[in-house]
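What follows is calculated from the coordinates using simple rules that are stated; it is not laboratory data. All values derive from a computational prediction rather than experimental measurement. Backbone-built Cβ (ideal geometry, glycine too); neighbour counts: all protein chains shown.
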Amino acid sequence: MIITIILIYVLNVFSTQISVKQNNKAKVELEIQQKKNMETEVIKKSESEWKAQLSPMAYMVLRQNATEAPFSGEFFKNDDKGTYYCAACNNKLFSSDTKFDSGCGWPSFYDLIDAANVNLVKDTTLGMIRTEIRCKKCDGHLGHVFDDGPKPTGLRYCINSAALDFEKK
Ligand SMILES: [Zn+2]
């Protein structure tokens, strides 16, 4: 009888340990999955939420594909060292190290911090064939990329100031 009780006790302890282990494993797997989701996170908000969050100009550019008037934006003349982020979702986009004076009236960069942070989309509006740049995280319209930029890329990422936030180094 005693042996049976001991045996049941031992089996209980043993099975509890297994289930704790399984719970831990499930927890770790959940954490990995959550991390993955964060890495590929795409922000989806309603238009009224974006409207409430963004300035009127940023809303027109980022959500309605508008282009700000040349030489009107906050950053085309900005020579400060630092980092440019998407004004809607804080996605890291450009470094001041790749900014150059293109004379076009919009902030111009010859490279992205990480090409994986944007989507390039063929844009045939206004009777032109252009390549549009959209933020990968929030799908906001940023500007266009042209192939008349300086070395080493030969590209000119022509970006609306209103679509950017700047953090000075
Ligand atoms: Zn964004």
- Message: Give me the extension gain from Lys81 to Asp123: residue separation times 0.36 nm, minus the current Cα-Cα distance, reported in nm with one decimal.
- Response: 12.0 nm
- Message: Sorting check: for 125-134, 43-52, 138-147, 156-165, which peptide has the highest mean count of neighbouring beta carbons within 10 Å, and how do the rest follow?
- Response: 156-165, 138-147, 125-134, 43-52
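Rounded to the nearest 0.05, what FRET efficiency is calculated for Ala116 and Lys169 with R0 set to 25 Å and r the Cβ-Cβ distance?
0.65
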